[in-house]
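Peer 1: One structure, as structure tokens, below. Some questions next.
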Amino acid sequence: MILLVLLRRYLVLGVVVVVNEVMSEAILLIASITLASLLSVLVISKYGVFESTFGTMVNNERTTLLAKIKVVYAHDNGSSVVVWVKNVGSVPIIEVSKMDVYFGVYGSASYIPYNVSSLPTWSYKIYNGNVWAPGLTMLITIKLSSSLTSGVYYVKVMTYEGASDEYVFSV
């Protein structure tokens, strides 16, 4: 009889131990699935950020490759210099006011700021439109503090996208 009681007690304890092991394994399994789900959400969200960044970078490079300009002509106009620039690329050039213009005696040109109150400065006018679309010509006027003297002069125009061209002329 004592043997049966002890045997029954061990069987009950054995069932409890087995149930505890099953519960422990179930908790570990749920925790593993939850952790794997969180990790996959993190990886997928970072992939979206990477894809967006990569897409922006590719679009910027595409614009840089397709943007091209040509300085067609430049000449002295008293106390200013007139520069004709054509968009010969495949895309419109949007941020014209952010272009860099360099001008000066050949070999020592300087940066000319856009539309400032002090001289020298430059301004622009786009012919046949408000956007500098492919095929359109733009007139850049560089206002100087004095008239040019005889010599060789250099002008360089560089767009925000990185397209540039230069022109050398003499007075």
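The values are calculated or read from the model by the stated rules, or taken from the named source; none is laboratory data. Since the model is a prediction, treat every value here as computed from it, not as a measurement. Quick reminder, even Gly has a Cβ in these numbers, built from the backbone with ideal geometry, and neighbours come from all protein chains shown. The protein model used for the area step is the full one, side chains on, heavy atoms only, and it has no ligands, DNA or RNA in it. Shrake-Rupley method; radii C 1.70, N 1.55, O 1.52, S 1.80 Å.
Peer 1: Probe of 1.4 angstrom, ligands and nucleic acids ignored: what's the accessible area per residue over the range 31-171, in square angstrom? Please list the in-between numbers first.
Peer 2: Numbers: 8470 Å² over 141 residues.
With the other protein chains kept in place, the range 31-171 gives 60 Å² per residue.
Peer 1: Something else now. Any idea of S117's accessible area? Nearest 10 Å², probe 1.4 Å.
Peer 2: My reading of the accessible area for S117 is about 120 Å².
Peer 1: Within the accessible area of the range 31-171, what % is carbon and sulfur when the probe is 1.4 Å and the other protein chains stay in place?
Peer 2: Details: 4990 of 8470 Å².
Of all accessible area on the range 31-171, carbon and sulfur atoms account for 59 percent.
Peer 1: Separate question: Collect residues whose amide H, placed 1.01 Å from N in the peptide plane, falls under 5 Å from the amide H of S80; neighbours closer than 5 in sequence don't count.
Peer 2: Placed amide hydrogens put L144 under 5 Å from S80.
Peer 1: For the pair S45 and Y102, what calculated FRET efficiency results from E = 1/(1 + (r/R0)^6), where r is the Cβ-Cβ distance and R0 = 45 Å, to the nearest 0.05? Please list the in-between numbers first.
Peer 2: Values: r = 45 Å, r/R0 = 0.99.
The pair Y102/S45 has a calculated efficiency of 0.50.
Peer 1: Place a point 7 Å from Cα of S150 in the direction of its Cβ. Which residues in the range 69-106 have their backbone N less than 18 Å from it?
Peer 2: 76-78, 105-106
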